[in-house]
Amino acid sequence: MNKLLIILITVTIMAGCTERQHPLLKQAWGVVEEQPNKAYSILSKVNTDALTDDERAEYGLLKTITAYKIHGINIVDNDSLISASIAYYNAHGDEWHRGRAYYYRGMLRMHRYGNILDAIIDFKMAETVAEHADDKDLKNRVYDILHHVNIISHNRLQTLRYAQKWLDNSIALGDSVMMLKNLLICANAYADMDQTDSASVYIDRALKLEKHADTSLLPSIYNNGGFLAMARIRKGQGQYDKAIRLLKVEIEIAEQDERTRMKCLELLSELYELTGQKELNMETKALIQAYDDSMKYVNRAMQMVDWQQKFDEVRQTKEFNHRLSWMQGLVITLIVVAIIAIGTGMIIHRRKVRRLSSRLDEDAQRISDHRTKIDELEGRMEHISSTLLVGTQMFNHLQQRMPIAEATAKEQQALVDYFAQLRPKRWQEWERKYSGLSTAQYIFLIMQDDLHYDDAAIAAALDVKRTSVRSMRSRIKSREK
């Protein structure tokens, strides 16, 4: 019986492998990575009306890839073409194409529409597919973008997690240049978490590997925060002047990376203080303060951690259900083979089918429940993001000394909630000092204690008389514990 099962599976695989691929699509796949312009020209010759459903899905994926590689993602008008490809691959398998389709739709949603939450869902789906299939090329791309997404979200734990995944994958690929780059990325991730011993271990590994790397490639490797990592090591070795020179190079390279510039400036300030360069130290601290004042969405990292943890929990549940379904399918296949071989056992087969159908219904209900939970989480995250956006806008109005007298109660509460996240120490100080303050009174404290408004400015912002300002100050004073 086992031999018969093996023969049937082999015949099925051989039959699938002998299906003919559309010649133009096959040509396009051959050049899409190195010559995307040529692939685009080939695709323009395809008669889309004559394509099968499988070929149409493949065509949609290729069109998106070539457009992205040639012009950047801005050339793609919408995600309907790649979404249709994903829908087909979800229904008919083909994990290689399915993983890449999710990856490129995620790139489209993030860069074209700024929809980072939906983009992360696509990247996490691509990650799941890549890890199941051990698709090292796709894993390399997915770990790269998820590492980047968590950096801009200030999510340090997830940044480190994907830096290590990226490093493990580069080791599996045997790519020494990528290994060197990822060792430096891991070192920076540990340094950002103040785990200097771990950062030093990764730097030492990188220095050993650097001896065997092509020197012409080193500048491009260090462009990803490598100079910052080396500067930290030079500081630890007491070579302050060398560390300062490395940081200046990193600051020039990371002109568009505000977070890396901030880290460089903080370390540069420490080095100027150590070397007694007081004037340069003061100038650097002023730059740090300017960057710090412009930061927004300070609690985004907490949201991203929670969301990704929830996603991973759902993913593990789905993997369990997938394995269970696969085992059920195997049982059914064995029953069918037994029926063909011996022509008996129909009653047993029907009973098992009924039991399995019941289990499948239960599994479908569990999956539906999990999807409902995901929808609830997404709605909650959207509400939080909306509230923080309104609070940010209201706070910006106050910073620019614009009146807020006509703001609604919801907008005023959003301002207070945003300030609690932006200045947690000051907020805790107020909670210890006062009791039972209203939203309006908290806004008064924001203008008075944080933005340092005088009475005239506060009266203008709230569109009230100065006597009302003094009256409100007295009422707040009476709330002191």
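For this structure, a couple of remarks:
- Surface analysis of region 22-150 yields an accessible area of 44 Å² per residue, using protein heavy atoms and a 1.4 Å probe.
- Student exercise, region 358-477 dipole from Lys, Arg, Asp, Glu Cβ charges, in Debye to nearest 20: 840
- Only aspartates and glutamates eight or more places from Lys352 in sequence, or on another chain, were considered; those with a Cα closer than 17 Å are Asp361, Glu362, Asp363.
- When the listed pairs Lys242/Lys263; Lys410/Lys477; Lys410/Lys433 are checked against a 23 Å cut-off, the alpha-carbon distance exceeds it for Lys410/Lys477; Lys410/Lys433.
- Relative to the current alpha-carbon distance between Val201 and Asn396, full extension at 0.36 nm per residue lengthens the span by 65.9 nm.
- Cα-projected label distance for Gln421 with Ala409, points at 7 Å along beta-carbon direction, nm: 2.3
- Judged by the ratio a/c of the largest to the smallest principal axis of the C-alpha gyration tensor, region 86-206 counts as oblate, that ratio being 1.5 or greater while a/b is no larger than b/c.
- Selection from Ala407, Leu389, Tyr453, by position along the positive dipole direction of region 375-481 (Cβ): Tyr453
- In this structure region 321-382 gives 75 Å² per residue of accessible area when probed at 1.4 Å with all protein chains present.
- Per DSSP, loop chymotrypsin sites (Phe, Trp or Tyr not before Pro) in region 386-469 with at most 12 further Cβ within 10 Å: none
- Whichever lysines have a C-alpha closer than 25 Å to that of Lys26, once near sequence neighbours (fewer than 8 apart) are set aside: Lys38, Lys45, Lys63, Lys69, Lys136, Lys139
- Lys/Arg +1, Asp/Glu -1 at C-beta; region 96-177 dipole; positive extreme among Tyr103, Ser153, Ala126: Ser153
- Residues of type aspartates and glutamates that Lys235 reaches as a straight line, Cα spacing below 17 Å, ignoring anything fewer than 8 places off in the same chain: Asp192, Asp194, Asp197, Asp204, Glu250, Glu266, Glu270, Glu273
- By average C-beta atoms within 10 angstrom, highest first, the peptides 326-334, 454-462: 454-462, 326-334
- Accessible surface of region 363-481 [probe 1.4 Å, protein heavy atoms]: carbon and sulfur percent: 48
- Qualifying trypsin sites (Lys or Arg not before Pro) in region 343-404, DSSP loop, other Cβ atoms within 10 Å at most 16: Arg401
- Highest mean packing comes first when the peptides 277-287, 241-251 are listed by Cβ atoms within 10 Å, giving 241-251, 277-287.
- Region 353-420: GluC sites (Glu not before Pro) falling in loop per DSSP and having at most 11 other Cβ within 10 Å: Glu406
- Where labels lie 7 Å past Cα in the beta-carbon direction, separation of Met282 and Val177 in nm: 4.7
- Cα→Cβ-extended label distance, 7 Å offset, between Arg350 and Asp450, nm: 7.2
The values are calculated or read from the model by the stated rules, or taken from the named source; none is laboratory data. Note that the structure is a prediction, hence the values are computed from the model and not measured. Cβ atoms come from the backbone with ideal geometry, glycine included; neighbour counts cover every protein chain shown. Side chains included, ligands, DNA and RNA excluded: accessible areas come from the protein's heavy atoms. Shrake-Rupley method; radii C 1.70, N 1.55, O 1.52, S 1.80 Å.
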